Amino acid sequence: MRVPDSKFQIPKSKFQNPNHTAHITQHTSHMIKGNLYLIPTPLGETGFDAGMPAYNLQILHNIDTFIVEELRTARRFLRKAGYDKDFETVTFYLLNEHTPDNEAAGMLEKSMGGKHIGLLSEAGLPCIADPGNIVARLAHRKGIRVIPLTGPSSIMLALMASGLNGQNFVFHGYLPVKPDERTKALRELEYAASKGNQTQIFIETPYRNLQMLESIVKTCHPSLTLCIAVDLTLVTEWIRSLPLSEWKKQKPELHKRPAVFLLGNFGQV
């Protein structure tokens, strides 16, 4: 799904970063390719001063082709960022985990012709627990420069605050939903956390957070440490690391709140 192509030409003078400018002005024997910018978005309804550098917004205003997961939320983000172009002159491509490679490749055609393209995440960093990696992979294959911009990552923020091992960790994304498969996965995470001193990071669909907590407490050894980080960067942010034996005694309010779970071992860090 897309709206009509834009005729807006990107003013090179507005790119202040000298490294990026060099790539914009560099000449080759072929047409100069545009860049693919990976543009982070806030983790929730928060101000743009929370983890969104001014340089990101400067780049944003010089792009009129975007690859997004959901059109409505992408447009809302752009308006909150002060993006003032008429959306009727902006091209949006919709991307999700079911988008085939050949369709995703077509989203990069404007970059092959010299246009810069912005890849937006629904929340946080593009390509991390996000289907954008499909486009980044194809961009590398086509020789398009991929430029990641700085922004908030719930995974890294949670790890920072957890007190768990930050030198050896694994992000698993979503664990299986079926009880038997989930139990098996948690047993494997428990082993890696206790024997290898490796922090295990995972997430869950917000409305299943409490079921996830119950599964962890029921399955894993009570001496292991579990950190739960909720509503990161928001005014309702809440982060707590406790032994599983302590989590058995309390049930925090997690329902429908974005959360990151980290399983590890305080004793060996």
Q) Just for segment 116-132: of the residues that are surrounded by fewer than 23 Cβ atoms within 10 Å (Cβ to Cβ) and on the phi > 0 side of the Ramachandran plot, which one is modelled with the highest pLDDT? A) 127
Q. In segment 79-105, what residues are touching a residue at least 40 places away in the same chain (Cβ under 8 Å) and either surrounded by 14 or more Cβ atoms within 10 Å (Cβ to Cβ) or touching a His at 6+ places or on another chain (Cβ under 9 Å) (or both)?
A. 85, 87, 90, 91, 92, 93, 94, 95
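Conditions tested, residue by residue: (1) closer than 21 Å to residue 252 by Cβ; (2) in contact with a helix residue (DSSP H, G or I) (Cβ under 7 Å, 6 or more places away or on another chain); (3) crowded, with 16+ Cβ neighbours inside 10 Å; (4) not β-branched (Val, Ile, Thr).
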| position | (1), (2), (3), (4) |
| --- | --- |
| 134 | no, yes, yes, no |
| 145 | no, yes, yes, yes |
| 149 | no, yes, yes, yes |
| 154 | yes, no, yes, yes |
| 187 | no, yes, no, yes |
| 193 | yes, no, yes, yes |
Q) Can residue 91 be described as modelled with pLDDT of 90 or more, farther than 22 Å from residue 152 by Cβ, touching a Lys or Arg at 6+ places or on another chain (Cβ under 9 Å) and polar (S, T, N, Q)? A) yes
(Q) Just to check your reading of the model, which residue among 214, 253 is on the phi < 0 side of the Ramachandran plot, part of a helix (DSSP H, G or I), surrounded by fewer than 17 Cβ atoms within 10 Å (Cβ to Cβ) and free of Cβ contacts under 8 Å to residues at least 12 places away in the same chain? (A) 214
Q) Assuming residue 244 fulfils every condition listed in (1) touching a helix residue (DSSP H, G or I) at 6+ places or on another chain (Cβ under 8 Å); (2) under 14 Å from residue 172 (Cβ atoms) apart from one, which condition is it? A) (2)
(Q) Looking at residue 164 and the list (1) at negative phi; (2) in the same structural domain as residue 67 (by TED's automatic domain parsing); (3) in a loop (DSSP other than H, G, I, E, B), which single condition is not satisfied? (A) (2)
**Q.** Filter result for residue 193 (in contact (Cβ under 8 Å) with a residue 12 or more places away in the chain, within 17 Å of residue 123 (Cα to Cα), in contact with a strand residue (DSSP E or B) (Cβ under 6 Å, 6 or more places away or on another chain) and outside the structural domain of residue 31 (by TED's automatic domain parsing))
**A.** no
Q | Number of the condition not met by residue 158 [criteria: (1) under 24 Å from residue 52 (Cα atoms); (2) without any contact (Cβ under 8 Å) to a residue 40 or more places away in the chain; (3) among the aliphatic types (A, V, I, L, M)] | A | (2)
Q | Test result for residue 108, under 14 Å from the mean Cα position of the chain (by Cα), in contact (Cβ under 8 Å) with a residue 60 or more places away in the chain and not assigned by TED's automatic domain parsing to the domain that holds residue 192 | A | no
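The values are calculated or read from the model by the stated rules, or taken from the named source; none is laboratory data. On a predicted model such as this, the values are computed, not experimentally measured, just so you know. All Cβ positions, even for glycine, are placed from backbone atoms using ideal geometry, and neighbour counts span all protein chains on display.
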